[in-house]
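All remarks here apply to the structure that follows.
Just so it is clear, none of the values below were taken in a lab; they were calculated from the coordinates. Given the structure is predicted, the values throughout are model-derived calculations rather than measurements. Cβ coordinates were reconstructed from backbone atoms using ideal geometry, including for glycine residues, and neighbour counts include every protein chain displayed.
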């Protein structure tokens, strides 16, 4: 069970790190949203534009903390 928790912690850290890298990259906001949307579609997650905008805003707020 401890190994599984470690795996979840590692994967969570990797996701946060990738998100932070995307958010701090010198890319226009519209281009970033498009990239995030394309990535989510490839992973099978279907979100409309307003949901992607809300997700980006939430992730940005968490990274700034």
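Can you tell me the orientation of helix 49-64 relative to the chain, as the angle in degrees between its alpha-carbon axis and the longest Cα principal axis, to the nearest 10?
The angle comes out at about 50 degrees.
If you compute semi-axes √(5λ) of the Cα gyration tensor in Å for the structure shown, which of (1) 24, 15, 10; (2) 34, 9, 8; (3) 56, 15, 5 do you land on?
Read-out taken from this structure: (1).
Which value at 222 nm does the chain reach when only helices count, each DSSP H run of 4 or more adding -39,500 (n - 2.57), with the total divided by all residues and rounded to the nearest 500 deg cm²/dmol?
After summing the helix terms and dividing by residue count, I get -27500 deg cm²/dmol.
Taking the highest mean first, how do the peptides 11-21, 33-43 order by number of other beta carbon atoms within 10 angstrom per residue?
Taking the mean over residues of other Cβ atoms within 10 Å, the ranking is 33-43, 11-21.
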